[in-house]
1. Between A:LEU124, A:LEU40, A:LEU140, which gets the highest mean-square fluctuation from a Gaussian network model of chain A, Cα cutoff 10 Å?
2. Between the range B:259-316 and the range A:4-61, what's the alpha-carbon centroid distance in Å?
3. At most 12 other C-beta atoms within 10 Å and a DSSP loop state: those are the exposed chymotrypsin sites (Phe, Trp or Tyr not before Pro) I care about. Give me the longest piece of chain B that has none.
4. Dividing the Cα convex hull volume of the range B:320-433 by residue count, how many Å³ per residue is that?
5. Need one value for B:273-279: mean number of C-beta atoms belonging to other chains within 10 Å of its residues' C-beta atoms.
6. When the Karplus curve 6.51 cos²θ - 1.76 cosθ + 1.60 is applied with θ = phi - 60°, which whole-Hz ³J(HN,Hα) does each residue of the range B:651-661 get, with x for Gly and Pro?
7. Once the principal axes of the Cα atoms of the range B:141-211 are found, what is the range along each, listed largest first in whole angstroms?
8. For the range B:473-627, what's the relative contact order in percent, using C-alpha pairs closer than 8 Å and at least 6 residues apart?
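Readers should treat all values here as calculations from the given coordinates under stated rules, not as data from a laboratory. Keep in mind it's a predicted model, so treat the numbers as computed, not measured. For neighbour counting, all protein chains shown are included, and Cβ atoms are generated from backbone atoms with ideal geometry for every residue, glycine included.
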Amino acid sequence: MATQAAPGAGTRLFHPHFEGHDQISARTLGFWLYMLSDALLFTGLFLAYAVLNNPMGAAGGPIATQIVNPVEGMWQTYAVLGSVAAYSLATVALKKGSMVGVMAGIVISILLALVFLGYEVHDLMGLMAQGHGPDSSGFLSAFFVLIATHGLHMVFGILWMIVMLVQIPTLGFSPNVVARLLNLRMFWQFQATVWVLVYVYVYMIGAF
Amino acid sequence: MQVAIQGPWSPLLGRLTLSAIPYTNPILVGTFAVAALIALVVAGAVLYYKKLGYLWREWLTTVDHKKIGVMYIIVGLVMFFRAFVDGLMMRTQQAMAIGPHSPGVLGAQHGYLPPFHFDQVYSAHGTIMILFAATPLLTGLTNVVVPLQIGARDMAFPYMNALSLWLTTAGAILVMLSLFVGDFSSAGWVGLIPLTELPYSPGVGVDYWMWAIQISSIGTTLNAINMIVTIIKMRAPGMGWFRVPVFTWTTLSTNIIGLTAFPILGVVLALLGADRYLGTHFFTAGNGGNLMLYTNMFWIWGHPEVYFLVLPAFGIFSEIIPTFSEKPLFGYTTMVAATFAIAGISWAVWLHHFFTMGAGADVNGFFSIATMLVGIPTGVKVFNWMFTLYRGRLTFTTPMLWALAGLFLLLVGGITGMMLAIPAINYTVHNSVFVIAHFHCMVLLVAAAIFAGVVYWFPKVFGFQLDEKNGLMFFWSFITATAIVFTAMFALGFQGETRRLDYIFNPAWRPMLWTEEAGMMLYLVSIFYFLRMLYVSLRDRVPVASDPWGTARTLEFLTHSPVPFYNFAVTPQVNARDELAWRREHGLDKAQPEAFEPIHMPSNTGVPIIIGMLSLTLGFGLIWRIWWMAGFSLLAIIIAVIIRSFDKNLGYELKPEEVAAMERNLATASIIAEQPARTPLTEAEAH
Ligand code: HEM
Ligand SMILES: [Cu+2]
């Protein structure tokens, strides 16, 4: 077999000072895998939404066409994409090693994310005030839980950013901090992607 | 928005009242007494021998993959025993409660278990066996073996590895707690819907079931990430993909399944939780809820989960059969391809669990054919093992016997699975004990593989062999018991006995039920021999060579037994697929590295176990609706994670002289040896 060559003069049995893998690439791969599992989580929620978004799931209450507001959703989309753009500027500053630049980017990113969440809370509260809370029908359950799960991810992202705002000045750009900043970028872009899917599927297609 | 619940509730204790403690039930009081006694003895022994510090420093805070694996296996064995007792209780109830004239004791009309209690027993049995016994046992084995088999020092994320262990343990503790505080779900391990909804299961049972699974499956998901990264990134130099041992391959595929399937379980349980806690209507019987949504989502996880269990078992067979046939594995490439084929198909067959639930002929047809496709790669595997055995120099050690018995179980389980995959047959035997017998052949195959693996790798980890004489008795009694119980069960299935019966209305089934009960007694005998095997081996402790079997083929048997906590003093260079066999063939297997070098190791940390225990209180708070407790725990977990992220965590370094001394006296490097305190590296030294 090709893999079973006989030992020769050059055969090594041990590999002293083997460097092994590099920690940042392992963490990045690990984070990609985590996002894969997160993507499946959202897949499950989209599945439930798709199954329940019909008159039977709505049990006499409204379905998507009657409650979604694509225009408001568009402002939310702008906010989330703006937040991602601000974070990208932070990573550009990271390349230059500028602490102030990174932190400024993160702060703007947080602010825009808060705008996004503000719209979302307003939207959901409004529905509840009209008596369309998550406990009124299968469809509304799926709608609220899908939106709120995404919102919770955004909240955790904000929390993570706040921690980074503390870590950057105290720990500097250590390998750990840089790895976290890079993973956070992926996380943030991923959440924006999920939002775009939500927007397209729930707000745009749902409006018709 | 929180839904109204029946019964009392107070801000301080939630739904918890004194009546939640089943002090009037003699079975549970007895169980509690025994459990408390064991706990006292263990705690007393730890204190008496002054091992508390050792336990904390070397085990509870460890990040060593081998110790974590061993602890997984201990948790798995304890839970295995618990669920076995559940099984024994069910069999005994069915052996007693036959016919309208059968007597009843302990408040039961027939037999000794009232229906509500009986239902909890089977629900706990299934939940535990799948999620808290088989899963941790396999995770434990992969944790111990895979890094050694690929020549790595540890897992890619040692800290996260410990976290996975403690999350799984927290889930297991919750299940155990439900024995003594409150009750467990009585809606089956699959969570029959809408029975699990609040109006029909108003107690805390379903909440125990749901949160225990939820917490432990987060652990499983993290472990899957860890394993995949470890296998992709940490292989020894020279180990290209086509030199990766088959057990590692199956671990990779299984964890890909785990990573993609467990999130769906998480979602479906979370949605059920939303129904129960927030009053939503995902799966309710009215208001737009959809019952089939639950059933589909559960099995979209559930079927891949059964392959999550069986693939590592196949991997274990693929290690053991070549070793004891003294031949390389036949058809390595097809074995790997078959593994991934099975993993892939396992995603497209879930509907075979509910052919009878109203899908049309075309849908049933699709899933029927998809299910039967699994037989092709499985058949490839079976033939590969057979051709490995063919003309091999066979030695029938206990691991080999377990593996061969596993092949028989696979044959029976696989063929009955094929029968079930035909909708026309399925309609007649669905929900009968025929199905139970089918999947028990499969999961007992997994159990056989686990025992095979434990016996096979035990000497590697601890440096002494498990006693073969008692091990053989254990094997024969266990396998004979399996044959007796499940042959009778297949027969009963054909005679129409449905599953989950607390009362047997047809006395004609009595002979078979009593046969099953006799088999259960034989299982008890096997437990005796298992314990005796442990006792004799621990007493005699016959030391072994680095390759205890003399014919092992893979890298883990290259390093010493007991394996030092740093695994390999110097990373080996891989030259062949079966590296050790190749070295032995060329007289190189005794070669040692010429010089030692400093080894960088991660430091222990208490954060994982703290987070694990906080998730236990989080689960407990949620189950009993003690909101302050749940809120506090969640907050504390977040804070612990944040604090940990500030830890610079540079690990420590073993000096070459230290390594040399330990290589000379291996006992000082084994995982049970107590290590001296070592100073962590400073920032300057680390670079
Ligand atoms: C050759 C491969 C297999 C085939 C064709 C197959 C087929 C089936 C079918 C059709 C059912 C549904 C029966 C019914 O409820 O009416 C079933 C149930 C089940 N199988 Fe398999 N199976 C296979 C392998 C496995 C393996 C490897 C495992 C576990 C390690 C397993 C575990 C189970 C379990 C746990 C159930 C029943 C779950 C429940 O309803 O509680 N099967 N199998
Ligand atoms: Cu299945």
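1. Evaluated over chain A, the most mobile residue of the options is A:LEU40.
2. 20 Å
3. The longest such stretch corresponds to B:50-389.
4. Details: hull volume 11.4 nm³, N = 114.
Each residue corresponds to 100 Å³ of Cα convex hull volume.
5. 3
6. Calculated HN-Hα couplings, in order: x, 9, 10, 8, 6, x, 5, 4, 4, 4, 4 Hz.
7. 54, 24, 16
8. The value is 19 percent.
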